[in-house]
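The values are calculated or read from the model by the stated rules, or taken from the named source; none is laboratory data. This structure is a prediction, so every number in the text was calculated from the model and none was measured. Glycine also receives a Cβ, built like all others from the backbone with ideal geometry; neighbour counts cover every protein chain displayed.
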Amino acid sequence: MGIRTIENRISDILGENKKLFIPYIMCGDGGFDKTKKVIQLLENSGASIIEIGIPFSDPIADGPSIQSAGQRALDGGITLQKTLTFLKSIPPNNDVPRIIMSYLNPIVQYGFEAFFSLLRESHISGLIIPDLPLEEYNMILPYTDQYGIAIIPLIAPSTGLDRMANILKLTHGFVYAITVNNTTGGRSEFSDEVLNRLKLIKENTTMPVVAGFGISTIEQIKTLGSYCDGVVVGSKIVDLAKDDKFDEIEKLMKAL
Amino acid sequence: MTYNMPNENGYFGKFGGKFVPEILMPALAELQENFTKYRNDKSFNDELNYYLKDYIGRESPLYFAKRLTEYCGGAKIYLKREDLNHTGAHKINNALAQVLLTKRMGKKKIVAETGAGQHGVAAATAAALLGMQCTVFMGEEDIQRQELNVFRMRLLGAKVESVTSGSKVLKDAVNEAIKYWVTNIEDTHYIIGSALGPHPYPEMVREFQSIIGKETKRQILEAEDRLPDIIVACVGGGSNAIGMFHSFIDDENVKLLAVEAAGRGVDTDEHAATLTKGKFGIFHGNVMYLLQDDDGQVHEVYSISAGLDYPGIGPELSYLKDIDRLQYASITDDEAISSFQKLSELEGIIPALESAHAIAEVLKIAPTMKPEEILVINLSGRGDKDVRQVAKLLEV
């Protein structure tokens, strides 16, 4: 598990001229049995990588769908430690790497050393921390290096070119481009500006670029996917999983 | 040694910093640049000082509370009358300055969070004064207990958004204000009301509130020809406290005492006593002391006073606690209500419930002090907004 696992998986998929589809789920929403079922469904329906959220009380980068899912998980007693211990018990199938999305404070309370060591044991290959900007990355770099965990920072529409270059230097595996200045969640359409932005990011890196935030329909997945190397779909999957609409999740995943 | 915090990265020792989603980083850089440019700019300060004097009514008096002093029978007690500011609290000092800065930045819209409603009213007022659009996020619970301030904000032309996520109080209002800012980053400035958040907010809010301490220092030297022995202020996030304390940090003989909300008691689950019970954490964009569980989830906190109902404390006060420069105490709801009545009866001044926490602590410590000793309380706001709530509790 780790950086190499993500890189291999991505080059296999892109090598077959396919696009990357990265679904996001909130761990523990509806209980761990449900999460296990959803993970297996995603692994068997062609997910490129699975992004797994750890719930946090105050998720300032998330819109209503993911915030509510996190609150349901917390109300069900889910913690960071329980999440990772659960993930340890269900090793990945079909070579689908897993990455964790967690806000910083639960990680800080758990302790960096203990957290990264547990990540490794729990078959986790990469990490997204939405409230950790470039300037503060030094606090985790010794641990990501030691444990070989991929760092996937977010690039925003408002990120300038110089700053983007510095973020890209830190990035492993793939570039996560936020489509619009917003929190996570559905919205209706993407302008030319968004598409041009994706092209610009592509021109500035040799790594694959994946678009995320606000992507919820098959049409959007197809449009955005044609301008970059794939998509992350979060809030929509979280909502469908909540309502047990597994067929619709599979349909979304076949869009690319 | 001269106190000179924060460092260029916004750190006060190990507290502070900048922990926000990438989307906000360019806006924070823009804010930093403008704050640095204008904080010492003559035309900006002339404009600010004009409004501070002619609009807010500064300087605010430092009033010798004779009857309160006699009642306590110890130290001489002075009240710094921030309650006499336009809009009724210290919050306007920061809100007005930030709206003036927003104007210089060429933005026309502001967003703010509010707990008790005082910062929301201050932001709405400054926005009205300077012709800006103002949106205020306020927890659903707080909207119910501070309905008068909600009406005031609406009268002033602000849009008040009810926050129904999380515990529906101040911390949730901050979350939603940040999210709104994320979505409206191009044309909107976020005016945070307390001395916390990502750099440069803690430094900037302190700068704009430090006029409280600067005036107090001048006034007490004029009245007593010496500095006070102790200065007392209530703390939620900490803006009135750091505004009062900052000018005195290098005066080591002046004790700085922060009074936080013990709610129904610090040994219950219903309090907001961050200095007493908080642990090192990262929240709302900065490293601070934070009330949280072992999993790093942020606590729902409680106080009768909506303005103290916040689970964190700003990075500078966190640092001052860490280096033992700051002392702290906590006051329960009952003690606060009792002092709310006491100050009204003794001095004809109805304090805000927030400030009543500081008064309550003084009722405990002043009697133990000598008559030649001097104590200053930052009376951060007036209690008009709280009268209905207290009347209900006292079944008047």
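Here A:Ile149 passes the criteria (1) surrounded by fewer than 17 Cβ atoms within 10 Å (Cβ to Cβ); (2) β-branched (Val, Ile, Thr); (3) touching a strand residue (DSSP E or B) at 6+ places or on another chain (Cβ under 6 Å) except the one numbered (1).
Name the residue that is nearest to the other protein chains (Cβ to nearest Cβ), counting only residues in the stretch A:32-65 that are closer than 21 Å to A:Asp131 by Cβ and free of Cβ contacts under 8 Å to residues at least 40 places away in the same chain.
A:Ser57
Among the residues of the stretch A:149-169, the ones that are within 12 Å of chain B (Cβ to nearest Cβ), hydrophobic (A, V, I, L, M, F, W, C) and assigned to a helix (DSSP H, G or I) come to 3 in all.
Rundown of residues vs (1) without any contact (Cβ under 8 Å) to a residue 24 or more places away in the chain; (2) of a type in the set (A, V, I, L, M); (3) more than 26 Å from B:Ala173 (Cα to Cα), yes/no style:
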position: B:Leu326; (1), (2), (3): no, yes, yes
position: B:Ser339; (1), (2), (3): no, no, yes
position: B:Leu363; (1), (2), (3): no, yes, yes
position: B:Pro367; (1), (2), (3): no, no, yes
position: B:Lys370; (1), (2), (3): no, no, yes
position: B:Asn378; (1), (2), (3): no, no, no
position: B:Ala391; (1), (2), (3): yes, yes, yes
position: B:Val396; (1), (2), (3): yes, yes, yes
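Restricted to the stretch A:66-101, and to residues there that are more than 12 Å from chain B (Cβ to nearest Cβ) and hydroxyl-bearing (Ser, Thr, Tyr), the residue that is surrounded by the fewest Cβ atoms within 10 Å (Cβ to Cβ) is A:Ser89.
Scan the stretch B:19-27 and give yes if some residue there is at pLDDT 95 or above, touching a strand residue (DSSP E or B) at 6+ places or on another chain (Cβ under 6 Å) and either in a helix (DSSP H, G or I) or of a type in the set (A, V, I, L, M) (or both), otherwise no. Checked against the condition, which is being at pLDDT 95 or above, touching a strand residue (DSSP E or B) at 6+ places or on another chain (Cβ under 6 Å) and either in a helix (DSSP H, G or I) or of a type in the set (A, V, I, L, M) (or both), the stretch B:19-27 yields at least one hit. Set side by side, the residues B:Phe44, B:Phe19 differ, and just one is within 13 Å of chain A (Cβ to nearest Cβ), closer than 30 Å to B:Thr183 by Cα, touching a residue at least 12 places away in the same chain (Cβ under 8 Å) and among the aromatic types (Phe, Trp, Tyr), which is B:Phe19.
Every residue, every condition in (1) away from chain B (no Cβ under 14 Å); (2) over 28 Å from A:Ser11 (Cβ atoms); (3) buried (at least 20 other Cβ atoms within 10 Å of the Cβ), yes or no:
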{"residue": "A:Thr183", "(1), (2), (3)": "no, yes, yes"}
{"residue": "A:Lys202", "(1), (2), (3)": "yes, no, no"}
{"residue": "A:Phe213", "(1), (2), (3)": "no, no, yes"}
{"residue": "A:Thr223", "(1), (2), (3)": "yes, no, no"}
{"residue": "A:Glu250", "(1), (2), (3)": "yes, no, no"}
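Taking the criterion of being part of a loop (DSSP other than H, G, I, E, B), more than 11 Å from chain A (Cβ to nearest Cβ) and over 16 Å from B:Val99 (Cβ atoms), the residues of the stretch B:173-196 that qualify are B:Ser194, B:Ala195, B:Leu196.
Let's see how each residue does on (1) under 22 Å from A:Ser57 (Cβ atoms); (2) surrounded by fewer than 24 Cβ atoms within 10 Å (Cβ to Cβ):
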site: B:Tyr201; (1), (2): yes, no
site: B:Gln209; (1), (2): no, no
site: B:Gln219; (1), (2): no, yes
site: B:Arg226; (1), (2): no, yes
site: B:Ala258; (1), (2): no, no
site: B:Ala261; (1), (2): yes, no
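For the stretch B:156-171, does any single residue satisfy the condition of being in contact with an Asp or Glu (Cβ under 7 Å, 6 or more places away or on another chain) and more than 19 Å from B:Tyr310 (Cβ to Cβ)? The answer is no; no qualifying residue exists. Taking only pairs six or more apart or across chains, which ones have beta-carbon atoms under 9 Å, a first residue in the stretch A:128-148 that is more than 7 Å from every other protein chain (Cβ to nearest Cβ), and a second residue that is small (Gly, Ala, Ser) and assigned to a loop (DSSP other than H, G, I, E, B)? Taking only residues 6 or more apart or on different chains, the pairs are A:Ile128/A:Ser102; A:Ile129/A:Ser102; A:Tyr147/A:Gly2; A:Gly148/A:Gly2.
Of all residues in the stretch B:229-284, how many are touching a residue at least 40 places away in the same chain (Cβ under 8 Å) and in a helix (DSSP H, G or I)? Total satisfying the criteria: 10.
Give the residues of the stretch B:325-343 that are of a type in the set (A, V, I, L, M) and buried (at least 24 other Cβ atoms within 10 Å of the Cβ), sorted by residue number.
B:Leu326, B:Ile331, B:Ala336, B:Leu343
With respect to being touching a residue at least 24 places away in the same chain (Cβ under 8 Å) and in a helix (DSSP H, G or I), A:Tyr176 falls outside the description. Screening B:Glu161 with (1) touching a helix residue (DSSP H, G or I) at 6+ places or on another chain (Cβ under 9 Å); (2) buried (at least 19 other Cβ atoms within 10 Å of the Cβ); (3) within 14 Å of another protein chain (Cβ to nearest Cβ); (4) farther than 30 Å from B:Asp251 by Cα gives one miss only, at (2).
Go through the residues of the stretch B:352-362 one by one and say whether even a single one is more than 23 Å from the chain's Cα centre (by Cα), surrounded by 14 or more Cβ atoms within 10 Å (Cβ to Cβ) and among the acidic types (Asp, Glu). No: zero hits. Considering the stretch A:179-200 alone, what residues qualify as being part of a helix (DSSP H, G or I) and under 16 Å from A:Gly214 (Cα atoms)? A:Asp192, A:Glu193, A:Val194, A:Leu195, A:Arg197, A:Leu198 - these are the residues of the stretch A:179-200 that are part of a helix (DSSP H, G or I) and under 16 Å from A:Gly214 (Cα atoms). The residues listed here are B:Asp295, B:Asp322; of these, the one that is buried (at least 20 other Cβ atoms within 10 Å of the Cβ) and either touching a strand residue (DSSP E or B) at 6+ places or on another chain (Cβ under 8 Å) or within 26 Å of B:Val20 (Cβ to Cβ) (or both) is B:Asp295. Comparison of B:Gly238, B:Gly285, B:Gly307 shows that the only residue that is among the small types (Gly, Ala, Ser), buried (at least 23 other Cβ atoms within 10 Å of the Cβ) and touching a Leu at 6+ places or on another chain (Cβ under 7 Å) is B:Gly238. Could you please let me know if B:Ser167 is surrounded by fewer than 24 Cβ atoms within 10 Å (Cβ to Cβ), of a type in the set (Gly, Ala, Ser) and within 13 Å of chain A (Cβ to nearest Cβ)? Judged against the criteria, B:Ser167 is a match. Selection over the stretch B:229-268 of residues that are in contact with a strand residue (DSSP E or B) (Cβ under 9 Å, 6 or more places away or on another chain) and among the charged types (D, E, K, R) gives a count of 4.
Considered as a group, the residues in the stretch B:47-76 that are without any contact (Cβ under 8 Å) to a residue 60 or more places away in the chain and closer than 20 Å to B:Leu129 by Cβ include one that is surrounded by the fewest Cβ atoms within 10 Å (Cβ to Cβ), and that residue is B:Asp54. Looking across the stretch A:158-210 at every residue that is touching a strand residue (DSSP E or B) at 6+ places or on another chain (Cβ under 6 Å) and of a type in the set (Gly, Ala, Ser), the one that is nearest to A:Glu135 (Cα to Cα) is identified as A:Ala177.
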